[in-house]
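Single-structure report; data block below.
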Amino acid sequence: MAEDDPVSATILEAALSKLGYEPVIAHDGTEAWEKFKEEPVRLIVSDWMMPGVDGLSLCEQVRSHPKAPYTYFILLTANHTSAENYEKASAAGVDDFLTKPLDREAIRMRLRVAERILKYTMEIRQLQEMIPICVYCRKVRDEHDFWDLVESYVQKETGSSFTHAACPDCYEREVERLLLDSR
């Protein structure tokens, strides 16, 4: 959580703790970003208006972090936030909004939605990490629906090179086959 106002921070921390979360507390966006870089979290509740790095900039930084898993971002706003500001926040990658003063039931519901979304994003990530391979010819399908040899696919994706050799079992089998063919 990132909140610069001490009273709001205390209320937010108490609400999150009561709901079973263990908040990592940052007193502004800069501190939140430093903590996120050290150990990315999956859920952030951040105030919008903070000195230095505000909540919107924090969200943009989180979204640009190349190695972090998807992070659900809830932005705390004032009651009088304009539609234009909501649009700016959505374009920056904010997932959800809560207005101040904090409504404990509203945050509980938003956190339930966040948990469901994070569960689905993890499932999608696991599916994306699976490599489809043909059971017959062992070719691999890439993201463009093109089937290629395993070696070619791995080389394109990782830059690795291959040398070819025969394992002991295949060597024995091939030598035996060659001897039988020569008779």
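The values are calculated or read from the model by the stated rules, or taken from the named source; none is laboratory data. These numbers were taken from a predicted model, which means no experiment stands behind them. Positions of Cβ are backbone-derived with ideal geometry, glycine not excepted, and every protein chain shown enters the neighbour counts. Calculation scope for accessible area: heavy atoms of the full protein, side chains included, ligands and nucleic acids excluded. Shrake-Rupley method; radii C 1.70, N 1.55, O 1.52, S 1.80 Å.
The table for this structure:
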{"quantity": "Degrees, to the nearest 10: 83-92 long Cα axis against longest axis of the chain", "calculated": "30 degrees"}
{"quantity": "Positive-end extreme of charge dipole, the chain - chosen from Ser46, Leu58, Cys170 (charges on Cβ)", "calculated": "Cys170"}
{"quantity": "Modelled label reach - Asn79, point 7 Å along Cα→Cβ, the stretch 95-135 residues with backbone N closer than 20 Å", "calculated": "97-108"}
{"quantity": "Candidates Ile131, Ile25, Ile11: whichever shows maximal mean-square fluctuation once the chain is modelled as a Gaussian network with Cα springs under 10 Å", "calculated": "Ile131"}
{"quantity": "Per residue accessible area in Å² of the stretch 69-183, where ligands, DNA and RNA are left out and the probe is 1.4 Å", "calculated": "76 Å²"}
{"quantity": "Surface share of carbon and sulfur [accessible, 1.4 angstrom probe, percent] for the chain", "calculated": "55 percent"}
{"quantity": "The stretch 103-147: trypsin sites (Lys or Arg not before Pro) in DSSP loop, at most 16 other beta carbons within 10 Å", "calculated": "Arg138, Lys139"}
{"quantity": "Descending Cα extents along the principal axes, the stretch 107-183, whole Å", "calculated": "79, 22, 20"}
{"quantity": "Computed over the stretch 52-151, the ratio Rg/Rh where both radii use C-alpha atoms and Rh is Kirkwood", "calculated": "1.17"}
{"quantity": "Candidates Thr81, Thr158, Thr99: whichever shows maximal mean-square fluctuation once the chain is modelled as a Gaussian network with Cα springs under 10 Å", "calculated": "Thr158"}
{"quantity": "Filtered chymotrypsin sites (Phe, Trp or Tyr not before Pro), the stretch 91-183: DSSP coil and at most 14 other beta carbons within 10 Å", "calculated": "Tyr136, Phe146, Phe162"}
{"quantity": "Candidates Val24, Val140, Val41: whichever shows maximal mean-square fluctuation once the chain is modelled as a Gaussian network with Cα springs under 10 Å", "calculated": "Val140"}
{"quantity": "Candidate values (1) 25.6, 91; (2) 21.3, 77; (3) 19.8, 64, label of the one derived for Rg and Dmax of the Cα atoms in Å", "calculated": "(1)"}
{"quantity": "Inter-part distance where the stretch 135-183 and the stretch 18-67 are each reduced to a Cα centre, Å", "calculated": "47 Å"}
{"quantity": "Sites Glu22 and Tyr120, calculated FRET efficiency, Cβ-Cβ separation with R0 25 Å, nearest 0.05", "calculated": "0.65"}
